[in-house]
Amino acid sequence: MNQSAEWSHRTVLLDEAVAALVTQPDGTYVDGTFGRGGHARAILARLGPGGRLLAFDRDPQAVAAAASIADARFAIVHASFAQLRGELEARGIDRVQGVLLDLGVSSPQLDDPGRGFSFRFDAPLDMRMDTSRGETAADFLRRADEREIERVLRELGEERAARPIAKAVVARREAGVPVGRTGELAALVARAVRSREAGQAPATRTFQALRIHVNGELEALDVGLEAALAVLAPGGRLVVISFHSLEDRRVKAFIARESRDAPDRRAPFAPARPLRLLDCGRTRPAPSEVAANPRARSAVMRVAERTGVPA
């Protein structure tokens, strides 16, 4: 199989996400995670001549792939969606009619051995979505102490064996052979983890935790959700597709918090915070989509609509 076929990306919940997002064909929309452009192309197909789509991605390869879209209504920004508010302001965009966030890692990132996201290949332990900057997973494991490594694995991977894995990483480092490759880390985890639920490789949670940590994914999500709320016009839609419980819990809590009147805990005697989002519910992939694309099985899409109350 050639690389272009092997690294192809099947966009999850494509029709459902675009239908929920695009309510005004001549509106301005944000695709916060361009990937390989599945959602972006479908959004552009639904937009009218006056529509506009601004896409974001941290990955230089994704930004390069966006060059194939020759459409005056489209632009790509090499940045995290956490920066969307500033990037919109820089382009004179005050309000948008929809923001789409398709979270997590893309299939091309997972399937490219050189990126170091997967233990299916032996490769340098990188895991950065933006390969032009930041600390790699190997860098983190070389400099972090045992307590910090354990915390990352426990909190971001929900790894029950976080302590023995962290001990093994530090012991190897102190012996003069720090973990620097995906194969080395997967083998170390397999030795440290005594049991794992059926169907899951021992290193799955560890690799997830390191990827989330290296890329600051949960912090970016928190900032991105607040930014989306700030830029959405009344009636505009927020559409978020999550792939694991840490993401989905944050999205669910954010929508719930902004979908009801609530007192400000910092000022308990102040008036209640006004309603700013209407929860439009959640969607899971159809069995037929999961059968065709097993990576869709954990996806959850949540949709909320901006009310007319100012932020």
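The values are calculated or read from the model by the stated rules, or taken from the named source; none is laboratory data. What you see is a predicted model, and the numbers here were worked out from it, not measured in a lab. Quick reminder, even Gly has a Cβ in these numbers, built from the backbone with ideal geometry, and neighbours come from all protein chains shown. Quick note on the areas: whole protein, heavy atoms, side chains included, nothing else; ligands and nucleic acids left out. Shrake-Rupley method; radii C 1.70, N 1.55, O 1.52, S 1.80 Å.
Being among the hydrophobic types (A, V, I, L, M, F, W, C) and open to solvent by less than 10 Å² (accessible area, probe 1.4 Å) is the filter; apply it to the range 234-245 and report the residue that is farthest from the chain's Cα centre (by Cα).
Step by step, filter the range 234-245, then rank; the result is 238.
Only residues in the range 87-113 that are free of Cβ contacts under 8 Å to residues at least 60 places away in the same chain and part of a helix (DSSP H, G or I) count as the first member; pair them with residues that are surrounded by 18 or more Cβ atoms within 10 Å (Cβ to Cβ) and of a type in the set (Asp, Glu), Cβ under 9 angstrom, at least 6 apart or cross-chain, and list the lot.
Short answer, once both residue conditions are applied: 109/59.
Take the residues in the range 65-86 that are open to solvent by 70 Å² or more (accessible area, probe 1.4 Å) and not in a loop (DSSP other than H, G, I, E, B); name whichever of them is nearest to residue 230 (Cα to Cα).
Among those residues, the one meeting the criterion is 85.
For the range 143-184, name all the residues that are more than 23 Å from the chain's Cα centre (by Cα) and either among the β-branched types (Val, Ile, Thr) or within 21 Å of residue 113 (Cβ to Cβ) (or both).
165, 169, 170, 177, 178, 179, 180, 181, 183, 184
Listed here are the residues, each with its yes/no results for (1) more than 26 Å from residue 247 (Cα to Cα); (2) open to solvent by less than 20 Å² (accessible area, probe 1.4 Å).
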site: 128; (1), (2): no, no
site: 137; (1), (2): no, yes
site: 143; (1), (2): yes, no
site: 149; (1), (2): no, yes
site: 153; (1), (2): no, yes
site: 165; (1), (2): no, yes
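Output the residue which, of all residues in the range 23-43 that are open to solvent by less than 10 Å² (accessible area, probe 1.4 Å) and of a type in the set (Val, Ile, Thr), is nearest to the chain's Cα centre (by Cα).
So, considering only residues that are open to solvent by less than 10 Å² (accessible area, probe 1.4 Å) and of a type in the set (Val, Ile, Thr), the one nearest to the chain's Cα centre (by Cα) is 30.
Identify all residues within the range 167-204 that are among the hydroxyl-bearing types (Ser, Thr, Tyr) and buried (at least 16 other Cβ atoms within 10 Å of the Cβ); write none if there are none.
Once the filter is applied, which keeps residues that are among the hydroxyl-bearing types (Ser, Thr, Tyr) and buried (at least 16 other Cβ atoms within 10 Å of the Cβ), the range 167-204 yields 182, 204.
Could you say whether any residue in the range 208-216 is out of contact with any Lys or Arg (no Cβ under 8 Å at 6 or more places or on another chain) and either of a type in the set (Ser, Thr, Tyr) or assigned to a loop (DSSP other than H, G, I, E, B) (or both)?
Within the range 208-216, one or more residues are out of contact with any Lys or Arg (no Cβ under 8 Å at 6 or more places or on another chain) and either of a type in the set (Ser, Thr, Tyr) or assigned to a loop (DSSP other than H, G, I, E, B) (or both).
Listed residues 201, 187, 230; which is farther than 23 Å from residue 58 by Cβ, of a type in the set (A, V, I, L, M, F, W, C) and either free of Cβ contacts under 8 Å to residues at least 24 places away in the same chain or outside any loop (DSSP other than H, G, I, E, B) (or both)?
Going through 201, 187, 230 in turn, the sole match is 187.
Can you name the condition, by its number, that residue 207 falls short on among (1) over 12 Å from the mean Cα position of the chain (by Cα); (2) open to solvent by less than 50 Å² (accessible area, probe 1.4 Å); (3) touching a residue at least 60 places away in the same chain (Cβ under 8 Å); (4) under 26 Å from residue 54 (Cβ atoms)?
For residue 207, the failing item is (4).
Among what's in the range 274-310 and is touching an Asp or Glu at 6+ places or on another chain (Cβ under 7 Å) and in contact (Cβ under 8 Å) with a residue 40 or more places away in the chain, pick the residue that is farthest from residue 235 (Cα to Cα).
296
Within the range 44-55, is there a residue that is among the hydrophobic types (A, V, I, L, M, F, W, C), more than 18 Å from the chain's Cα centre (by Cα), at pLDDT 95 or above and part of a helix (DSSP H, G or I)?
yes
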